[in-house]
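Following: one structure in structure tokens, then a few remarks.
The values are calculated or read from the model by the stated rules, or taken from the named source; none is laboratory data. What you see is a predicted model; the values in this text were computed from it and never measured. Every residue, glycine as well, gets a Cβ built from its backbone with ideal geometry; the counts of neighbours run over all protein chains shown.
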Amino acid sequence: MPSVEILSRIQFAFTIAFHYIYPPLSIGLGVCLVIMEGLYLKTGRQVYKEITKFWIKIFALIFGIGVATGIVMEFEFGTNWATYSHYVGDIFGSALAAEGIFAFAMESAFLGVLLFGWDRVHKAVHYFSTIMVALGSIFSALWIVIANSWQQTPAGYKIEGHDLGARAVVTDFWAMVNNPSSADRFAHVIIGAFLAGSFMVMSVAAWYILKRRFEQHAQAMFKVGLSVAVIAALLQLFTGHRSAHYVSKYQPAKLAAMEGHYDSLAVADMYLVGWVNNKTQTTTGIKIPGGLSFLTHGSFSTPVEGLRATPEKDRPGAVNFVFQTYHIMISIGMILIGLTLLAVFLLWKKKLFNQRWLMVIFAWAVLLPQIANQVGWYAAEVGRQPWVVYKLLRTSDALSKKVTADQVVFSLVLFTLVYMLLFALFLYLLNRKIQHGPDIQEHDNDQYYKDNLTDIPA
């Protein structure tokens with residue numbers, strides 16, 4: 001049987017990966033809702049109100065499942081990772097408290113107005129609630145990213161105690177918040193969330209267009225989703241570059257693993273595709289000579305620190321896993337850029353919604369941002385190993401001392417069963433809402449579409 005450490009890592013990875021399906025969707029949908037309802041207030045077109053109300057129902061479903069699955073992780077800190085919780089409690093606790101007070105509470109309170117306030121409060125008040133819900137979801141992500149970023153690049157702390165009784169204590173709250181990787185990682189994460197939500201909107205819209213249902217509503221949805229997706233896809237190039245730059249400065253072993261670069265200090269190639277053999281410490285594949293050197297230092301001839309510069313006990317062991325997940329993320333990012341730019345071009349040519357092959361692609365493309373978000377997280381977290389707090393606390397030392405392998409296996413099996421039931425319920429309810437579609441008021445269709453849809457922005 002695998003060790004308690006491996007089993008606990010698998011359990012936490014499974015629970016957080018499942019949870020991480022939902023927050024990016026709610027964050028991205030929140031932005032789309034702000035745009036949809038803003039267009040309704042600006043134009044008075046009923047179609048925007050109808051698609052906003054439709055997506056609010058889906059947002060509420062995603063929010064509920066996300067909350068339910070997120071609670072489990074907090075308990076795991078105490079059950080499986082007690083030493084870690086003791087070590088970072090002062091740091092992690094302050095960030096989680098800020099998330100609860102300044103983000104989750106605000107999001108939850110205004111969600112009630114968002115769901116039940118139609119025709120009960122003034123339009124401006126309802127729109128303000130929509131904005132607050134969207135901001136609340138973003139702020140929630142901000143504090144979680146800050147807590148995780150501190151583990152990557154610790155700052156604003158001191159160590160009290162010794163050995164396994166040591167703990168990190170905040171000495172400068174704002175230095176902790178503004179640790180060297182927080183801003184870059186938050187930007188990268190939040191734009192990935194915008195892509196997840198906007199591609200979900202476009203996926204449902206594309207499905208309606210293929211089925212020739214709610215076509216005018218679907219076109220309005222698609223255009224809103226596309227407006228968010230194309231900007232986010234292009235911005236992700238910039239944030240991805242910034243993230244790689246901070247990794248090269250603060251976690252060179254992780255960057256070396258991402259590109260399979262072993263030489264202690266040498267010009268580093270950038271692989272488009274490849275395979276890493278950690279035993280022979282070689283990487284094969286299609287590469288751009290000096291490409292990694294150029295991306296990190298702006299020169300094809302500048303040396304980059306490789307894995308051999310880090311003692312073997314302090315470098316990630318699953319190098320090929322980090323390499324592959326990192327490159328899958330980049331590949332999907334480039335595909336998303338291509339898809340969104342093609343859609344914008346065809347929309348400009350007024351040919352977009354006649355391309356059924358492209359609508360089929362967009363209907364399935366909802367999976368791509370989700371996969372990219374997941375594998376990007378895998379690369380970041382596995383690439384940090386063997387540290388749970390970089391250069392301060394090893395993952396092997398962070399475990400609870402009383403938990404056995406049998407107990408972890410038993411709880412993992414239970415989590416798997418419960419989460420699969422939750423996922424099945426989520427898909428069932430989501431499918432029901434999509435099959436039902438927007439609630440359309442009674443009207444003469446020809447006149448309604450003439451009045452409400454002819455000026456949907458291209």
**OP:** Read through the list (1) polar (S, T, N, Q); (2) under 20 Å from the mean Cα position of the chain (by Cα); (3) closer than 19 Å to Arg308 by Cβ, then give the number of the only condition that Ser264 fails.
**Re:** (2)
**OP:** Select from the range 107-162 the residues that are charged (D, E, K, R) and part of a helix (DSSP H, G or I) and list them in ascending order.
**Re:** Glu107, Lys123
**OP:** Only residues in the range 106-124 that are over 17 Å from Ile62 (Cα atoms) and surrounded by 14 or more Cβ atoms within 10 Å (Cβ to Cβ) count as the first member; pair them with residues that are of a type in the set (D, E, K, R) and at pLDDT 85 or above, Cβ under 7 angstrom, at least 6 apart or cross-chain, and list the lot.
**Re:** Trp118/Lys53
Original post:
From the set of residues in the range 357-395 that are hydrophobic (A, V, I, L, M, F, W, C) and surrounded by fewer than 18 Cβ atoms within 10 Å (Cβ to Cβ), which is farthest from Met202 (Cα to Cα)?
Top reply: Leu392
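Find the residue count for the range 222-241, including only residues that are more than 12 Å from Phe199 (Cα to Cα) and surrounded by fewer than 22 Cβ atoms within 10 Å (Cβ to Cβ). Step through it out loud before you land on a result.
Filtering the range 222-241 for residues more than 12 Å from Phe199 (Cα to Cα) gives 231, 234-241.
Filter once more, keeping what is surrounded by fewer than 22 Cβ atoms within 10 Å (Cβ to Cβ): 231, 234-235, 237-241.
The total comes to 8.
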Original post:
Is it true that Asp439 is over 25 Å from the mean Cα position of the chain (by Cα), over 21 Å from Tyr22 (Cα atoms), assigned to a helix (DSSP H, G or I) and of a type in the set (D, E, K, R)?
Top reply: no
Original post:
Given the structure, is Phe214 surrounded by 21 or more Cβ atoms within 10 Å (Cβ to Cβ) and either modelled with pLDDT of 95 or more or among the aromatic types (Phe, Trp, Tyr) (or both)?
Top reply: yes
**OP:** Give the residue, chosen from Ile58, Ile65, that is part of a helix (DSSP H, G or I) and farther than 19 Å from Phe104 by Cβ.
**Re:** Ile58
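Within the range 76-86, track down each residue that is hydrophobic (A, V, I, L, M, F, W, C) and part of a helix (DSSP H, G or I). Lay out the reasoning, then the answer.
Initially, the range 76-86 is screened for residues hydrophobic (A, V, I, L, M, F, W, C), giving 77, 81-82.
Correct list: Phe77, Ala82.
Among the residues in the range 160-173, are any charged (D, E, K, R), at pLDDT below 85, surrounded by fewer than 21 Cβ atoms within 10 Å (Cβ to Cβ) and farther than 22 Å from Ile16 by Cβ?
Checked against the condition, which is being charged (D, E, K, R), at pLDDT below 85, surrounded by fewer than 21 Cβ atoms within 10 Å (Cβ to Cβ) and farther than 22 Å from Ile16 by Cβ, the range 160-173 yields at least one hit.
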Original post:
Can you spot a residue in the range 346-360 that is at pLDDT below 95 and in contact with a Gly (Cβ under 9 Å, 6 or more places away or on another chain)?
Top reply: no
Subject >> Extreme residue, nearest to Phe426 (Cα to Cα), among residues of the range 48-101 that are buried (at least 21 other Cβ atoms within 10 Å of the Cβ) and in contact with a His (Cβ under 6 Å, 6 or more places away or on another chain) >> reply: Thr69
Original post:
Restricted to the range 1-31, and to residues that are of a type in the set (Val, Ile, Thr) and farther than 22 Å from Leu427 by Cβ, which residue is surrounded by the most Cβ atoms within 10 Å (Cβ to Cβ)?
Top reply: Val31
Original post:
Could you list, in sequence order, the residues of the range 32-47 that are buried (at least 21 other Cβ atoms within 10 Å of the Cβ) and either outside any helix (DSSP H, G or I) or acidic (Asp, Glu) (or both)?
Top reply: Glu37
Original post:
Where residues in the range 256-292 are touching an Asp or Glu at 6+ places or on another chain (Cβ under 8 Å) and assigned to a helix (DSSP H, G or I), which of them is surrounded by the fewest Cβ atoms within 10 Å (Cβ to Cβ)?
Top reply: Gly291
**OP:** Check whether at least one residue in the range 87-95 is among the acidic types (Asp, Glu), within 20 Å of Gln441 (Cα to Cα) and assigned to a helix (DSSP H, G or I), and report yes or no.
**Re:** no
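Tell me, which residue of the range 396-412 that is more than 15 Å from Ala13 (Cβ to Cβ) and hydrophobic (A, V, I, L, M, F, W, C) is modelled with the highest pLDDT? Don't jump to the end; show me each part of the working.
Residues of the range 396-412 more than 15 Å from Ala13 (Cβ to Cβ): 396-397, 400-407, 410.
Then drop every residue that is not hydrophobic (A, V, I, L, M, F, W, C), which leaves 403, 405, 410.
On the way: Val403: 84, Ala405: 86, Phe410: 90.
Result: Phe410.
Tally the residues that are assigned to a helix (DSSP H, G or I), under 25 Å from the mean Cα position of the chain (by Cα) and farther than 16 Å from Arg315 by Cβ, restricting the search to the range 372-405.
Just the residues of the range 372-405 that are assigned to a helix (DSSP H, G or I), to begin with: 372-384, 395-397, 405.
From what is left, the residues that are under 25 Å from the mean Cα position of the chain (by Cα) are 372-384, 395.
Adding the requirement that they be farther than 16 Å from Arg315 by Cβ leaves 372-378.
Number satisfying all stated conditions: 7.
Here are Ser8, Ser26: which of them is hydroxyl-bearing (Ser, Thr, Tyr) and farther than 23 Å from Val403 by Cα?
Numbers: Ser8 fails: farther than 23 Å from Val403 by Cα.
Result: Ser26 is the single residue among Ser8, Ser26 that is hydroxyl-bearing (Ser, Thr, Tyr) and farther than 23 Å from Val403 by Cα.
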